[in-house]
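Enquirer: Quick one: the structure is below, questions incoming.
The values are calculated or read from the model by the stated rules, or taken from the named source; none is laboratory data. Remember, predicted model here, so these are calculated numbers, not experimental data. We place every Cβ from the backbone using ideal geometry, glycine too, and count neighbours over all the protein chains shown.
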């Protein structure tokens, strides 16, 4: 009899509780807002609250130069151009990618509409031995996916399995990864190791150590640093880029977001050479058959890239780290990521009900956060996430810490 193994989505559906639905019913998440001033949002019912939800960690989405560029693009070209970039594109996109090339050490950068589409465009071509700078073994690749890697990577496991074997590992268990890499070498396969740079709910991944292990096995480290872009480096290259000393190893493929601290919209992939980019732009499915980044956001992205290139992001980074340090002081260093150069802080709870109660206390105090449950965190547990920004005031941070209260 034919047996079909349970797919990952079925497993997720069967093991997910109603905690998130309860959070929505209690108005603890899925908020609707009308307008905002800094980190204060006016909700649809007319009330106001301070949000720690948006992952735009530097506040660039309200920077005057981004606003001006977006408005100017509308006047010049309209709000949208319904064509794949391979057929026609705004000139601002060319300059955006050129500046990103410079920020990432004259590597070759391609912008996409989202980070998820970067994965969908790059990874099948990488695994198919189509990118000239990243040769595969004759037996093909093996995919090693960190268990905490973003859902936009996890969802592609079905595609990966059409090309090669897939295993999951813990990025903090280097011995476990080493064993999987040894198996790949013994099987004559090229390992592709997929990790986040900064976890959306967790801490920093030691990308330098993981790359050393991966490169020694003849493989490639694919880093989704969506939450790390812009927050580190004199030109905002990001956490992973700075961890490598700003010179990306040849074994690393870096993916970043334009939609978080960068302040715009979309994602991008950093490849080693223009020959790789030529293949990507010719065969990358989302680039050929998908629509473009909205024109105002292309121009806003360009304005942000210019701010990155001239170092204008550094004072915003400084303010961000002042705010995370202040938050750590008010919460006595007890939150997830306390003391780390991550903009994410989390109050972890052993039970979902306790996380819901904490989110409710915060909501009543006019503080909006992100309550998270399985599969974002371990089954049966809960986490209340604070996305700290350079725009938060000292008073707002103190209010949030006071409303959170005792974690015991």
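Enquirer: Report the residue count in the stretch 72-93 for those that are modelled with pLDDT of 95 or more and crowded, with 19+ Cβ neighbours inside 10 Å.
Expert: Within the stretch 72-93, residues that are modelled with pLDDT of 95 or more and crowded, with 19+ Cβ neighbours inside 10 Å number 4.
Enquirer: Still on this structure, I have one more. Inspect all residues belonging to the stretch 307-325 and state whether any of them is more than 21 Å from the chain's Cα centre (by Cα), buried (at least 18 other Cβ atoms within 10 Å of the Cβ) and not assigned by TED's automatic domain parsing to the domain that holds residue 227.
Expert: No, every residue in the stretch 307-325 fails to be more than 21 Å from the chain's Cα centre (by Cα), buried (at least 18 other Cβ atoms within 10 Å of the Cβ) and not assigned by TED's automatic domain parsing to the domain that holds residue 227.
Enquirer: With a cut-off of at least 2 residues that are farther than 21 Å from residue 26 by Cβ, name the strands (runs of 3 or more DSSP E) lying wholly within the stretch 343-408.
Expert: Numbers: elements: 344-349, 370-372, 382-387.
The strands (runs of 3 or more DSSP E) meeting that bar are 344-349.
Enquirer: So, in the stretch 212-237, exactly how many residues are at positive phi and without any contact (Cβ under 8 Å) to a residue 60 or more places away in the chain?
Expert: Going through the stretch 212-237 one residue at a time, the tally reaches 1.
Enquirer: Considering (1) modelled with pLDDT under 95; (2) in contact with a helix residue (DSSP H, G or I) (Cβ under 7 Å, 6 or more places away or on another chain), say which one residue 120 fails and leave the rest.
Expert: In the conditions (1) modelled with pLDDT under 95; (2) in contact with a helix residue (DSSP H, G or I) (Cβ under 7 Å, 6 or more places away or on another chain), residue 120 misses (1) alone.
Enquirer: Give 69, 98 a once-over and let me know the one that is in a helix (DSSP H, G or I), buried (at least 19 other Cβ atoms within 10 Å of the Cβ) and either touching a helix residue (DSSP H, G or I) at 6+ places or on another chain (Cβ under 8 Å) or not assigned by TED's automatic domain parsing to the domain that holds residue 399 (or both).
Expert: Sole residue among the options that is in a helix (DSSP H, G or I), buried (at least 19 other Cβ atoms within 10 Å of the Cβ) and either touching a helix residue (DSSP H, G or I) at 6+ places or on another chain (Cβ under 8 Å) or not assigned by TED's automatic domain parsing to the domain that holds residue 399 (or both): 69.
Enquirer: If you don't mind, there's one more thing I want to ask. Among the residues of the stretch 133-167, which ones are within 15 Å of residue 214 (Cα to Cα) and surrounded by 19 or more Cβ atoms within 10 Å (Cβ to Cβ)?
Expert: 134, 136, 141, 142, 143, 144, 145, 146, listed by residue number.
Enquirer: Condition first: touching a helix residue (DSSP H, G or I) at 6+ places or on another chain (Cβ under 9 Å) and within 22 Å of residue 378 (Cβ to Cβ). Now tell me which residues in the stretch 189-199 satisfy that.
Expert: 194, 195, 196, 197, 198
Enquirer: Would you tally the residues in the stretch 41-55 being without any contact (Cβ under 8 Å) to a residue 40 or more places away in the chain and either crowded, with 18+ Cβ neighbours inside 10 Å or closer than 26 Å to residue 373 by Cα (or both)?
Expert: Qualifying residue count for the region: 2.
Enquirer: Checking the condition surrounded by fewer than 17 Cβ atoms within 10 Å (Cβ to Cβ), in contact with a strand residue (DSSP E or B) (Cβ under 9 Å, 6 or more places away or on another chain), more than 25 Å from residue 384 (Cα to Cα) and in contact (Cβ under 8 Å) with a residue 12 or more places away in the chain, which residue from 32, 62, 118 passes?
Expert: After applying the criteria, what remains is 62.
Enquirer: Only one of (1) part of a helix (DSSP H, G or I); (2) buried (at least 17 other Cβ atoms within 10 Å of the Cβ); (3) in contact with a strand residue (DSSP E or B) (Cβ under 6 Å, 6 or more places away or on another chain) fails for residue 171. Which number is that?
Expert: Of (1) part of a helix (DSSP H, G or I); (2) buried (at least 17 other Cβ atoms within 10 Å of the Cβ); (3) in contact with a strand residue (DSSP E or B) (Cβ under 6 Å, 6 or more places away or on another chain), only one is false for residue 171: (1).
Enquirer: Before we move on, is residue 338 in a loop (DSSP other than H, G, I, E, B), closer than 21 Å to residue 232 by Cα and in contact with a strand residue (DSSP E or B) (Cβ under 8 Å, 6 or more places away or on another chain)?
Expert: yes
Enquirer: Find all pairs meeting these conditions: Cβ atoms under 6 angstrom apart; at least six residues apart or on different chains; first residue within the stretch 335-347 and at positive phi; second residue in a loop (DSSP other than H, G, I, E, B) and surrounded by fewer than 23 Cβ atoms within 10 Å (Cβ to Cβ).
Expert: 337/203
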